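Derivation of every value follows stated rules applied to the coordinates shown; laboratory data play no part. Everything quoted here is computed from the prediction, not taken from an experiment. Positions of Cβ are generated from backbone atoms using ideal geometry, with glycine treated the same way; all protein chains shown enter the neighbour counts.
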Amino acid sequence: MFMKKLALSAFVVALCTPMAQADTGAAQTLFKAAPQNVAKGSADVFTGDVQVNRLFPANDTAHYSGAYVTFAPGARSAWHEHPAGQHIVVTQGTALTGTRDGKVTRVETGDSVWCPPGVEHWHGATPDAPMTHLVITGVRDGKNAVWKEHVTDAQYRGQP
């Protein structure tokens with residue numbers, strides 16, 4: 001459990017801290033696309049092959065971060081909630097997202113989902129195709145996610 005919390009903390013810190021290639025100017029800050037911004041999703045919080053491409057961190061003014069997350073077929077996040085909510089925009093493929101009531105929703109390319117603070121959910125790809133989504137995640141009290149247990153195969157299929 002300690003290692004899981006340590007890995008989760010590192011994942012959250014990575015999404016919330018400035019990236020080395022930021023070029024700060026007087027009026028704007030540029031975050032360059034770079035290979036070091038892409039990381040394999042931790043097995044502690046994802047099932048299957050997941051790539052996280054950090055786009056920008058939260059800052060003192062804008063308390064939200066952004067990332068593209070790509071899921072291989074059948075890959076998904078663990079159960080989690082966001083203390084300040086999360087917007088999900090599917091940019092390629094079809095996403096699945098589930099809530100604790102057992103409902104699994106299909107989200108097509110171009111569709112978006114607002115997940116309010118405190119709603120436990122998961123998201124990932126369909127069993128037969130990859131999916132990429134853009135997430136804009138709020139940060140409250142230094143946290144953007146509270147991670148829980150892995151989603152079972154039955155929960156992923158929408159079964160009790």
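Fully extending the segment from Ala62 to Gln28, taken as 0.36 nm per residue of separation minus the present Cα-Cα distance, adds 10.9 nm. At q = 0.12 Å⁻¹ the log10 of I(q)/I(0) for segment 29-160 amounts to -0.42, computed by Debye summation with a single uniform scatterer per C-alpha, solvent ignored.
Other residues with beta-carbon under 15 Å from the beta-carbon of Val139 carry, at +1 per Lys or Arg and -1 per Asp or Glu, a net charge of 0. Spin-label model, Arg157 to Val104: label points 7 Å out along the Cα-to-beta-carbon direction sit 0.8 nm apart.
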